[in-house]
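Notes to accompany the following structure.
The values are calculated or read from the model by the stated rules, or taken from the named source; none is laboratory data. Small disclaimer: the values here were computed from a predicted structure and weren't measured. All Cβ positions, even for glycine, are placed from backbone atoms using ideal geometry, and neighbour counts span all protein chains on display. The accessibility values were calculated without ligands, DNA or RNA, using every heavy atom of the protein model including side chains. Shrake-Rupley method; radii C 1.70, N 1.55, O 1.52, S 1.80 Å.
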Amino acid sequence: MFNLKLYKTLIKRLLNAGLKPSTNWNKKLSKNTLFIRHDIDFSIEYAYRLALCESRLKIYSSFFFMMSTNFYNLLSSHNQKLVKEISSMGHKVSIHFDPTVYKNLKYFKYEKNVFENIFGENVDIVSIHRPRFFLKSNNIKLSGISQTYQDVFFKKMKYISDSNCRDVFPQIIKFLEEPRKFGLHLLIHPIWWMDMG
């Protein structure tokens with residue numbers, strides 16, 4: 001378990017190394033591109049707290065929300081308000097799509113339409129939940145929309161994830177110590193960084 005103080009330390013270390021946070025997944029990448037991605041599996045409240053922390057640091061990241069999770073109701077009035085406030089801070093908000101919920105990928109269109117209509121956002125990047133199938137064929141798109149496990153984000157950038165509460169610091173230190181050839185795609189789940197004490 002980490003905390004927001006450690007998260008701020010992590011972000012400042014990346015910024016001091018010359019990495020430039022971006023929420024534009026469709027622009028040309030450089031060795032200084034930094035995508036900070038948040039897959040919101042458990043709590044929109046935690047996402048909101050992390051978004052506030054980043055906003056105070058004057059950085060912007062990408063938050064991906066699930067429409068098919070049992071842990072929260074994305075469409076409740078309270079959660080809609082939080083997601084819209086995250087967006088109003090300057091962060092990107094989009095879909096964390098779970099393909100295992102549906103018989104085939106064409107059902108993504110339904111989630112996309114609902115998300116865009118409710119939140120007034122243009123979905124141009126999607127994060128996949130439980131991506132095993134996508135890792136076998138990285139360059140699959142969803143109704144023409146890019147997803148975060150495509151080669152350009154997953155193989156042509158350094159990908160570091162805190163999935164299952166993995167400590168990202170050793171990998172980040174190693175990445176920063178080596179000559180930089182490509183940018184960083186950092187997956188951070190807010191739940192691991194909330195101080196529950």
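Residues C53, C165, sorted by accessible area with the largest first, give C165, C53 [1.4 Å probe; ligands and nucleic acids excluded]. Only helices enter this figure: runs of n ≥ 4 DSSP H residues, each worth -39500 (n - 2.57), summed and divided by the residues of the chain, yield -10000 deg cm²/dmol at 222 nm to the nearest 500.
Stokes-Einstein diffusion for segment 27-72, with the hydrodynamic radius set to the Kirkwood value over Cα pairs and evaluated at 37 °C in a medium of 0.692 mPa s, equals 272 µm²/s. Using a probe of 1.4 angstrom and keeping all protein chains present, the accessible surface of the chain works out to 51 square angstrom per residue.
Among K8/K31; K27/K81; K28/K58, which pairs are too far apart, with a Cα-Cα distance over 27 Å? From K8/K31; K27/K81; K28/K58, over 27 Å: K27/K81. Residues within the reach of a label modelled at K5 (point 7 angstrom out along Cα to beta-carbon, backbone nitrogen below 15 Å), restricted to segment 31-55: there are none.
Which of (i) 16.0, 47; (ii) 17.1, 61; (iii) 16.5, 50 is the computed Rg and Dmax of the Cα atoms in Å for the structure on display? Calculated Rg and Dmax of the Cα atoms in Å: the matching label is (i). If a/c stays under 1.5 just call it rounded; otherwise compare a/b with b/c (prolate if a/b is bigger, oblate if not). Do that for segment 107-197, with a ≥ b ≥ c from the square roots of the Cα gyration tensor eigenvalues. Judged from the Cα gyration tensor, segment 107-197 comes out oblate (a/c at least 1.5, b/c at or above a/b). For the pair R132 and S88, the difference between a 0.36 nm per residue extended length and the Cα-Cα distance amounts to 12.6 nm.
To the nearest 20 debye, what charge dipole does the chain have about its Cα centre, counting +1 at the Cβ of each Lys and Arg and -1 at the Cβ of each Asp and Glu?
720
Listed values for segment 92-103 are Karplus-derived 3J(HN,Hα) couplings in whole Hz (6.51 cos²θ - 1.76 cosθ + 1.60, θ = phi - 60°), namely 7, 10, 7, 9, 9, 8, 9, x, 6, 6, 10, 6, and x replaces Gly and Pro.
Please report the carbon-and-sulfur percent of the accessible area for segment 85-197; probe 1.4 Å, protein heavy atoms only, DNA, RNA and ligands left out.
50
Summing +1 for each Lys or Arg and -1 for each Asp or Glu among the other residues whose beta-carbon sits under 10 angstrom from that of P21 gives +1.
Looking at segment 36-68, which trypsin sites (Lys or Arg not before Pro) are in a loop (DSSP not H, G, I, E or B) and have at most 13 other Cβ atoms within 10 Å? Could the numbers behind the result be given before it?
Values: sites: R37, R49, R56, K58; in loops: K58.
In loop regions of segment 36-68 (DSSP not H, G, I, E or B), the sparsely surrounded trypsin sites (Lys or Arg not before Pro) are K58.
In a fully extended conformation the segment linking H78 and Y107 would gain 7.9 nm over its present Cα-Cα distance, using 0.36 nm per residue.
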